[in-house]
Amino acid sequence: MQSNQVKKGIERAPHRSLLRAAGVAEEDFGKPFIGIANSYNDIVPGHVKLDVVAEMVKKAVIQAGGLPFVFNTIGVCDGIAMGHAGMRYSLQSRELIADSVETMVKAHCFDGLVCIPNCDKIIPGMLMAAVRLDIPTIFVSGGPMRAGRLANGKALDLISVFEGIGAYKEGKIDEAELTEIERCACPGWGSCSGLFTANSMNCLCEALGIALPGNGTILAEDKHRQELYKEAGKRIMELVRLDVRPSQIITREALDNAIALDMAMGGSTNTVLHLMAVANEAGIKYSLGRIDEISRRTPTLCKVAPSSQYHIEDVDAAGGMSALLNELFRNNPFVSIDCLTVTGKTIGENVTGRRILNEAVIHTRENAYAPTGGLAILTGNLAPEGSVVKYAGVSEKMKVFEGPAVIFESQEEACEGILAGDVKAGDVVVIRYEGPRGGPGMQEMLSPTSYIMGRGLSESVALITDGRFSGGTRGACVGHVAPEAALGGPIGLLKNGDRVRIDIPKYSLEVLLSNRELGNRRAQWQAHPPRITHGAMARYAEMVSSASEGAVLKYNFRKDEGAVQ
């Protein structure tokens, strides 16, 4: 056992003394030490009751013969951080979370790890740590929030509030109506109720095999979720006994399964960043090209808010991810049913026989929404390294769109301009210098995209950015444009009025300029001075890679040059 390094032998008497002070009894020293990485805090609605969840997991670990130790990570609520400088801190928190979990596990020599995340960057941060550490690990999240309801029964979610601001500015609703939406949209704890980044990632953990079936869709307030917590505490002891590690579960084939599921359900564009980052930590070469290949051959079988009126609770009632995966596995060369999971069974065994219970929510392959995936990778002279669009959230009318560029140099500038009426039907909004380095932090553009929707321009205005989007974004919104403007990418060379063409069926993002003109502009381009020159974000900007590589941190050494691992 790894924990023997801190509890066995004469030389470890000081360590045992400290452990006794923490409550470890004599009979506990022979048990496996299980770390429980909990992301509980009092300000993130998806996390406010994870302290109770951790206690359930602890009890289950004890009953299964282990000794649990809970420690906490930070967690950012992207909704609360949205629309101001705090959003810069969201993506970089993923790296801090990975590092903090690694630090706690390595320093205290845990034998196994239970990860309790729920919201956006916490899930991938813990996944990155899990594959980096490669000790037996299981994930069990807090679960999704139920959808809100107006008095007339209309379903709501957080995005309804953001879009309500635009509607209010347009005079479509009054302040009382906006206040009612605000009060009803988030009715209880859990990760936001649509297929936004948190719920996308919690669902993908099932496809990766690192979480139990039901992890992505059973509501936080559903008593059945308690069985997941208990089973996770029990299963981690079996994983430790058998020494089943993340490297045996999160393989290239498992990543293919996760990407295929992502495409089938039209998940958040952020999943592309996060799965590439997990692959990087696992030492698996995984490119945007591979994601594009899977997307083009995977049908869209499910559309969830913001792409439809359905919410996660509807997906759960329709059979959840197990039913969707079982349908997806039929005649699909880009999935593998033989991947090992934390249940001890293969992913195929986990989902075999799980039927779709509502074909209006989860479609069959024969009745797919589209023959291709819900996310698409676009390339062209505006995005030589690629860009990402949530295909499932784009109306048929907007899948091919051309218009003049209306350029904003920051998200804040864009929000002001959109609400002030500076954007009109037919325009292509360009928000740049918001990439991983230029932002820094690659802010989510939920506020400007929601304002466009709220103003009634969803069918007549497109948006491109080197920043990223919330999973709640819908419409012809293309993000992760790479290279970013701060690195001299073509998006930084655009001028107001340049004609931009988005052709999603042809996977193309172009500016209608000659190579010669782009070359002349590039020769004259000068980098903007950094926005932040001290603290965490300044360090992040110095080390972060392109969105096309998952916005992971690069180090100033090479592994093959003798660096300490």
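The values are calculated or read from the model by the stated rules, or taken from the named source; none is laboratory data. In this text the structure is predicted, and so the values were computed from the model without any measurement. Virtual Cβ from ideal backbone geometry, glycine too; neighbours counted across all protein chains shown. In case anyone asks, the SASA skips ligands and DNA or RNA and just uses the protein heavy atoms, side chains included. Shrake-Rupley method; radii C 1.70, N 1.55, O 1.52, S 1.80 Å.
If you take the charge dipole of the chain about its Cα centre, with +1 on Lys and Arg Cβ and -1 on Asp and Glu Cβ, which of SER100, TYR433, MET453 is farthest toward its positive end? Farthest towards the positive pole: SER100. With only Cα atoms counted, region 123-262 has Rg and Dmax values of 18.8, 63 Å. Per-residue extension of 0.36 nm, minus the Cα-Cα distance of ASP99 and GLN226, leaves a gain of 42.8 nm for this segment.
The local environment of MET537, defined by Cβ-Cβ distances under 11 Å, has a net charge of +3 under the rule Lys, Arg +1 and Asp, Glu -1. Between the C-alpha center of region 95-117 and that of region 511-541 there is a gap of 36 Å.
Each DSSP beta bridge with both residues in the chain is either parallel or antiparallel, and the antiparallel ones are about 45%. Close amide H contacts of VAL70 (hydrogens built in the peptide plane, cut-off under 5 Å, sequence separation of 5 or more or a different chain): ILE36. Counting only protein chain heavy atoms and rolling a 1.4 Å probe, the accessible areas of ILE250, ILE356 rank, largest first, as ILE356, ILE250.
Can you pull out the trypsin sites (Lys or Arg not before Pro) in region 72-168 whose DSSP state is coil and whose Cβ has at most 16 other Cβ atoms within 10 Å?
Working: sites: ARG88, ARG94, LYS106, LYS121, ARG132, ARG146, ARG149, LYS154; in loops: LYS121, ARG146, LYS154.
Here the trypsin sites (Lys or Arg not before Pro) that fit, given the DSSP loop and packing criteria, are LYS154.
Of all trypsin sites (Lys or Arg not before Pro) in region 1-51, which ones are in loop regions per DSSP and have a Cβ with at most 14 other Cβ atoms within 10 Å? Don't skip to the answer; put the middle values down first.
Numbers: sites: LYS7, LYS8, ARG12, ARG16, ARG20, LYS49; in loops: LYS7, LYS8, LYS49.
For trypsin sites (Lys or Arg not before Pro) across region 1-51 that sit outside H, G, I, E and B with at most 14 neighbouring Cβ atoms in 10 Å, the list reads LYS8.
Taking a straight line from the alpha carbon of LYS554, these lysines sit under 23 Å away, with near neighbours fewer than eight places off in the same chain left out: LYS106, LYS121, LYS285. Restricting the trypsin sites (Lys or Arg not before Pro) of region 246-337 to loop positions (DSSP other than H, G, I, E, B) with no more than 12 neighbouring Cβ atoms within 10 Å leaves LYS285, ARG330.
Just to be sure I understand, if you calculate mean projected area of the Cα convex hull in nm² for this structure, which of (1) 30.6; (2) 26.2; (3) 24.8 do you get? Working out mean projected area of the Cα convex hull in nm² from the coordinates points to (2).
Around SER410, what is the net charge, scoring Lys/Arg as +1 and Asp/Glu as -1 over all other residues with Cβ under 12 Å from its Cβ? Around SER410, the surrounding residues sum to -3. Within straight-line reach of LYS345, meaning a Cα separation under 20 Å, sit the following aspartates and glutamates at least 8 residues removed in sequence or on another chain: ASP134, GLU206, GLU227, GLU231, GLU238, ASP243, GLU253, ASP256, GLU327.
Each residue was assigned an accessible area with a 1.4 Å probe, and for TYR369 the value is about 80 Å².
Taking all protein chains together, THR103, THR449 sort by accessible area into THR103, THR449, largest first [probe 1.4 Å]. Using heavy atoms of the protein chains and a probe of 1.4 Å, the accessible area assigned to LEU382 is about 0 Å². Using every pair of distinct Cα positions in region 43-98, the Kirkwood expression returns a hydrodynamic radius of 13.3 angstrom. Convex hull volume per residue, computed on the Cα atoms of region 1-65, equals 107 Å³. Taking Cα centre as origin and charging only the Cβ of basic (Lys, Arg, +1) and acidic (Asp, Glu, -1) residues, the dipole magnitude of region 10-64 rounds to 80 debye.
Reachable lysines from LYS397, Cα under 19 Å, same-chain residues fewer than 8 places away excluded? Straight-line reach from LYS397, under 19 Å: LYS303, LYS424, LYS506.
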